[in-house]
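Taking it in order: structure first as C-alpha cells, then the write-up.
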Amino acid sequence: MIDVMAWPGRVARVVSLTALAYWTVFALVSPVTVFDAHVYNLARLAVAELYGFFGNPHWTTPRQLMFPWSFDAIHLVFLHLGFGYALPSFLSFIGTLIVARMLLADRFGDAAGWVAVLALLALPTLVFQSVGTKNDVAGLFGVAVWLHALLRVRPHAHAVHLFFCALAIGFTAGSKTSGLLPAVLCTAVTVWKLRRSSSQLLSFCAWLAVSCVLLGSIETYVESYRQDLDPFGAPDLVHDNRNNDGLRGGLANALRYAMANVNVGVEIWQDPNQITPFLERTCRRLLWATGLEKTGFRPGFDADSMRFLRDGWDARSDYGPLGTLSLGLAAVACCAWRPRQLWWQLACAGVVTFAGFCMSVAWMPWNNRYLVLPFAAFVLATVAFAFSRAGARGWLQVVVLALSVYGAIAYPLRSFNKQPMDLVGAITDRSNQELKERLSMAPVVAGVAAWRAEHPTGRLFLVTGIDSWLLPFFTRKDLRVEPIGLAALPALLAAERQGPAALLVLNGPELRPLPDKVAELRRFSPERGTVLYDLAPVHTARARRTIEFGEGFWSAETRDGAEFRWARGRATLHVHTDRNENACLGLRAFTPFTDTPFQITLTTGSQEVGRVRAATARFDEAPESGLLVPLSAGRNVVELVSDGPERLFANDPRLVAFGLALPLHISEAPAGVASTGPATEARCSSASASR
Amino acid sequence: MRSQADDPTKPSSTSIDRGSTAAQADPPAPPAARAGDILRTALRMENIPYLILAVLSVMSVVSRLVLILG
C-alpha cells in the first residue's frame, strides 16, 4: 500500500524541516544571549570551576546556588568549546518533537504527526527557549520522555522503558525548581499505573531513587541548607518567588497568564502595539472586579505596573495565535468527560500543570516561559482533536495548519534576537550579539579587554552585584577574570601585590574612600556602579599634595600682614595627591560681616566629609578645623557650601558668604584614622593643633 | 465504535520490545554484532528521545562531578 500523506501533512513536513534546519544552525552558532544565563544559570559554572561547589564563598548572587543546576551543568563543555551553547536545549526540543510526532502519528496517521511538530514550532516562547540556554525546555523534554516511556510500560515489556520513566522524572526534577511539580505528578501517575505489579513498582522506585540522586541536583539543596538553613535557598528570595496568596493568588495569576497569552496574530506588525495595552487594561478591570488585584504578584509588581511585554525577547514572548486557540479549546475540553480520548487527556494535563504553576510561582512579566509544558499539551490536544475523526474536523485541521505555518515563520522574523540577521550577527559580530539584551555591557567588556591587552600576565578580579552579567568575562578567553564574592573584597584590597592587578566592580558598591594602593582607572556608564580600579598603582616614597582654589573664591588679599580669600556661598578647592589616601585638611573660616556663627559643609564626590564652624569676623583669631578627606590619586574636588547668606560689602560689587584665612593645610592623616565622621574630625583637629 | 488508534493506553509495540523477543530466540551473537545491534536499536526513531536523555544525563553527571570534585 502506498503511504499517501494528506496534504496538511506534506505542508507541515516541508515547513517543519525548513524551520528545523534554520534553528539547527542557530543552536550551533548562537552565543549565550539571555539575561539569566549571564547572571546565574551558566555564570555559576564558571564560578564553581574556579572555586569549587561546596563551601564556595564567591557566588556572585544567591541564585547561583539556590536553583537546581543539573541541566545547566551540561553546558560546561560548551563554555569551553565556545560554540553550541544552545545544543542541550535544542536536543531536548528535538526529543520533544519526536515524542509528539510519534504520539500523534501512531494514533491518527503521519499527517497528524507532522502537524504536531509544526504546531510546536509555531509557539514563539517554546522555540526561542529551545535555541537558548535556559532550562525551561528541559522540564518539558523530561515529561515528554516520561510519557513516551510510560505508554510502553506493560506487564512484560522491556525494563528499559521503566528505567527511562524514572530517569526522565529525575531529569525533570533536577532541571529547575519548577520542575518539581511535574516530577511529582509524573511519579504519582506512574505509581498508579504500576499499582498491580509489585515487581515493576519496586523496580521503578529503585530506578527513581538512583535517578533523583544522580540528576535531582541534590547538592544544591544540601549546600543551600548549609548556607541558608533552607534547602530551597535564601528564605527572602524563596518567599518572593512563590505565590504567597494561596488560591486567590493562583486565580489572579491564571487570569493574568490567560490574558497575556491572547494573541490574534497581528500584534507583531503593529507599531505601536494597540492590542496588548487593551488586554492589560481589561485584565486590570477584571482583577479589580474580582478583588484579586493585589494577589499573586512578586514583591515589586502590582496591578498598576503590570505589563504584558510580548516584545519578541526570549523570556518576554507568548505562544502565538495557535497557543491562544489551544488555550481556549483546552479550557472547554476539560469541561467534557472523555477520559479515553487523547485530546482530553492532554488538555487536562495542560490545565493541571497550568494551574500548578499559577498556584506555586509569583507573577512576573517574564514568567511566560514557565508555561511551555502546559502550552505544548494544549497545542498537542488541539492537533489530536482536529485529527481524531478523519475528515470530520477538516476545517479545524486547516485552521491549525494555517496558524502553525504563520507562527513558525512570522514570529522568528519579528523576534528580538532570532532573526536571520541575528544568525549572521552570531557569526560576524559575536560579541555584540551576545550582549544584545544588555548593550551597556559592551563598553565594560571593551574596557576590560583593553586592560588585559596591556597586562597579559596581570590579575583581574571581579566583584559584581546580584544582577550583573558575569558570563561575558568567561566566554571571551582573552579576558581571564577572577570573580570574588563581596565578603572577600576587604581582604583583597588589603593584600600586598606583586605585578599588575585590577579590580572591576560591576554594579557593585562604590569604594569610598578609596583604600590605600587603589586608584580609579575608568568609570563605565550607563552600567550603574561599574568602575575599573588599579590595585597596584606606582607610588612615590612620599606623598605629594597640593591645594588650588577653584570656582567661588575671590583673589587673595592681605590685611595687617595676614593673607585671606573671600568666598561665595558655594566654592571649590582642588586637592591634588599622587595616591589614594585619607588626608587631613586644615581650614580657618571666618564670617565677613558680624559674629553671627554659621557652618560650611565640605563634600567630595557625593560624600559629606565634615563641617567647619565660622563664628568670628576676626580672620586673625579664627581657629583651625581639621577634616579627614578621602582622596583618590589625581585631582579631587572638595566643595564648600555655606549655611550663611551671600552679601555685598559697601562699595564692593562682590558677593561674599565667608572667608578663609591662608594658608590652608593638607597633611597625612594620623595613624588609625580610617573613616570620616566626628571622631576622625577631632583626631584631625588634634593633629592640626599639634603640628 | 472506538478504534485502537484512539486509545492511548494501547501503544504500538516498540523496537526494543521486538529486539528483546528476538534476542531470546536467537543464539548469542558475537560482541561486535551485539554492539552493532545496540547501536541500530538506539538510532531508531522511537529510541532517539531515550538516547538524547541518556546523553544529557551522562553529561550532567560528569560535568557536576568535575565541578564538585575538580
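The values are calculated or read from the model by the stated rules, or taken from the named source; none is laboratory data. As the structure is a computational prediction, the values presented were derived from the model and not from experiment. Ideal geometry is used to build each Cβ from the backbone, glycine not excepted, and the neighbour counts take in all protein chains shown.
Taking into account only those residues within the range A:359-387 that are under 22 Å from the mean Cα position of the chain (by Cα) and either part of a helix (DSSP H, G or I) or among the acidic types (Asp, Glu) (or both), which is surrounded by the fewest Cβ atoms within 10 Å (Cβ to Cβ)? Before you say what the answer is, go through the steps one by one.
Narrowing the range A:359-387 to residues under 22 Å from the mean Cα position of the chain (by Cα): A:360-372.
Filter once more, so that each one left must be either part of a helix (DSSP H, G or I) or among the acidic types (Asp, Glu) (or both): A:360, A:368-372.
Values: A:360: 18, A:368: 25, A:369: 22, A:370: 23, A:371: 27, A:372: 27.
Among those residues, the one meeting the criterion is A:360.
Does residue A:203 satisfy the criteria of being farther than 22 Å from residue A:129 by Cβ, small (Gly, Ala, Ser), surrounded by fewer than 20 Cβ atoms within 10 Å (Cβ to Cβ) and in contact with a Leu (Cβ under 7 Å, 6 or more places away or on another chain)?
Criteria met by residue A:203.
From the list A:284, A:256, exactly one residue is buried (at least 20 other Cβ atoms within 10 Å of the Cβ) and over 24 Å from residue A:412 (Cβ atoms). Which is it?
Exactly one of A:284, A:256 is buried (at least 20 other Cβ atoms within 10 Å of the Cβ) and over 24 Å from residue A:412 (Cβ atoms), namely A:256.
Within the range A:431-464, which residues are touching a Ser or Thr at 6+ places or on another chain (Cβ under 7 Å) and among the charged types (D, E, K, R)?
A:434, A:436, A:437
Residue check, residue A:148 against (1) more than 21 Å from the chain's Cα centre (by Cα); (2) under 25 Å from residue A:315 (Cα atoms); (3) surrounded by 24 or more Cβ atoms within 10 Å (Cβ to Cβ), all met but one. Which one?
Exception for residue A:148: condition (2).
Are any residues in the range A:595-631 small (Gly, Ala, Ser) and in contact with a Pro (Cβ under 9 Å, 6 or more places away or on another chain), and if so, which ones? Outline the logic, then answer.
Filtering the range A:595-631 for residues small (Gly, Ala, Ser) gives A:605-606, A:610, A:614-615, A:617, A:622, A:625-626.
Of everything in the range A:595-631, those that are small (Gly, Ala, Ser) and in contact with a Pro (Cβ under 9 Å, 6 or more places away or on another chain) turn out to be A:605, A:610, A:614, A:615, A:617.
List, please: which pairs have Cβ atoms under 6 Å, are six or more places apart or on different chains, and start with a residue in the range A:573-584 that is hydroxyl-bearing (Ser, Thr, Tyr) and end with one that is buried (at least 21 other Cβ atoms within 10 Å of the Cβ)?
As it stands, the answer is A:577/A:631, since those pairs meet every condition given.
Given the criteria touching an Asp or Glu at 6+ places or on another chain (Cβ under 7 Å), crowded, with 24+ Cβ neighbours inside 10 Å, part of a helix (DSSP H, G or I) and not polar (S, T, N, Q), does residue A:93 qualify?
So residue A:93 does not fit the description; no.
Considering A:116, A:111, A:149, A:73, which residue is modelled with pLDDT of 95 or more, more than 8 Å from chain B (Cβ to nearest Cβ) and out of contact with any Asp or Glu (no Cβ under 7 Å at 6 or more places or on another chain)?
A:116
When you go through (1) modelled with pLDDT under 85; (2) part of a strand (DSSP E or B) one by one for residue A:532, which number turns out not to apply?
(1) is the only condition that residue A:532 fails.
Residue A:555 fails exactly one of the following numbered conditions: (1) within 24 Å of residue A:609 (Cα to Cα); (2) among the small types (Gly, Ala, Ser); (3) in a strand (DSSP E or B). What is the number of that condition?
Every listed condition holds for residue A:555 apart from (1).
Of these, B:40, B:18, B:44, which one is within 11 Å of chain A (Cβ to nearest Cβ), more than 19 Å from residue A:142 (Cβ to Cβ) and at pLDDT 70 or above?
B:44
Criterion first (of a type outside the set (D, E, K, R) and in contact with a strand residue (DSSP E or B) (Cβ under 7 Å, 6 or more places away or on another chain)) does residue A:58 satisfy it?
Yes.
Taking only the range A:424-461 into account, find how many residues are aromatic (Phe, Trp, Tyr) and assigned to a helix (DSSP H, G or I).
The total comes to 1.
Go through (1) under 21 Å from residue B:62 (Cβ atoms); (2) free of Cβ contacts under 8 Å to residues at least 60 places away in the same chain; (3) within 14 Å of chain B (Cβ to nearest Cβ) for residue A:83 and report which single condition fails.
Unmet condition: (3).
Evaluate the following for residue A:138: is it closer than 22 Å to residue A:310 by Cβ, surrounded by 24 or more Cβ atoms within 10 Å (Cβ to Cβ) and among the small types (Gly, Ala, Ser)?
So residue A:138 fails the test.
Can you tell me which residues in the range A:643-671 are more than 30 Å from residue A:543 (Cα to Cα) and either of a type in the set (S, T, N, Q) or surrounded by 19 or more Cβ atoms within 10 Å (Cβ to Cβ) (or both)?
A:644, A:651, A:656, A:657, A:658
Within the range A:121-130, is there a residue that is within 8 Å of chain B (Cβ to nearest Cβ) and crowded, with 24+ Cβ neighbours inside 10 Å?
no
Hey, among A:486, A:439, which residue is free of Cβ contacts under 8 Å to residues at least 40 places away in the same chain, in contact with a helix residue (DSSP H, G or I) (Cβ under 8 Å, 6 or more places away or on another chain) and not charged (D, E, K, R)? Don't jump to the end; show me each part of the working.
Details: A:486 fails: in contact with a helix residue (DSSP H, G or I) (Cβ under 8 Å, 6 or more places away or on another chain).
None of the other options fit; the residue is A:439.
Being more than 24 Å from residue A:89 (Cα to Cα) and crowded, with 18+ Cβ neighbours inside 10 Å is true for just one of A:33, A:60. Which residue is that?
Result: A:60 is the single residue among A:33, A:60 that is more than 24 Å from residue A:89 (Cα to Cα) and crowded, with 18+ Cβ neighbours inside 10 Å.
A quick yes/no check of all residues on (1) away from chain B (no Cβ under 14 Å); (2) of a type in the set (Lys, Arg); (3) farther than 21 Å from residue A:125 by Cα; (4) in a helix (DSSP H, G or I):
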position	(1), (2), (3), (4)
A:284	yes, yes, yes, yes
A:288	yes, no, yes, yes
A:305	yes, no, yes, no
A:311	yes, no, no, no
A:321	yes, no, no, yes
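Output the qualifying pairs, or none if there are none: Cβ atoms under 6 angstrom, residues six or more apart or on different chains, first residue in the range A:115-133 and under 15 Å from residue A:105 (Cα atoms), second residue of a type in the set (S, T, N, Q) and assigned to a helix (DSSP H, G or I).
A:117/A:16; A:118/A:16; A:118/A:404; A:119/A:404
Restricting the first residue to the range A:412-423 and requiring it to be surrounded by fewer than 18 Cβ atoms within 10 Å (Cβ to Cβ), which pairs with a second residue that is of a type in the set (A, V, I, L, M, F, W, C) meet a Cβ separation below 7 Å and a spacing of at least six or different chains?
A:414/A:268; A:416/A:313; A:419/A:413
One residue is enough: does the range A:473-495 have a residue meeting the conditions at pLDDT 85 or above, within 16 Å of residue A:533 (Cβ to Cβ) and among the aromatic types (Phe, Trp, Tyr)?
yes
Within the range A:239-249, is there a residue that is more than 27 Å from residue A:354 (Cα to Cα), away from chain B (no Cβ under 14 Å) and out of contact with any helix residue (DSSP H, G or I) (no Cβ under 9 Å at 6 or more places or on another chain)?
no
Inspect the range A:574-589 for any residue being touching a helix residue (DSSP H, G or I) at 6+ places or on another chain (Cβ under 7 Å) and closer than 24 Å to residue A:623 by Cα and give the result as yes or no.
Within the range A:574-589, one or more residues are touching a helix residue (DSSP H, G or I) at 6+ places or on another chain (Cβ under 7 Å) and closer than 24 Å to residue A:623 by Cα.
Pairs needed: first member in the range A:87-101, at the interface with chain B (Cβ under 7 Å from one of its Cβ atoms); second member anywhere, at pLDDT below 95 and surrounded by fewer than 24 Cβ atoms within 10 Å (Cβ to Cβ); C-beta distance under 7 Å; at least 6 residues apart or different chains.
A:98/B:45
Could you grab me the full set of residues in the range A:58-70 that are polar (S, T, N, Q) and either more than 23 Å from residue A:236 (Cα to Cα) or away from every other protein chain (no Cβ under 13 Å) (or both)?
Going through the range A:58-70, the residues polar (S, T, N, Q) turn out to be A:60-61, A:64, A:70.
Answer for the range A:58-70, where residues must be polar (S, T, N, Q) and either more than 23 Å from residue A:236 (Cα to Cα) or away from every other protein chain (no Cβ under 13 Å) (or both): A:60, A:61, A:70.
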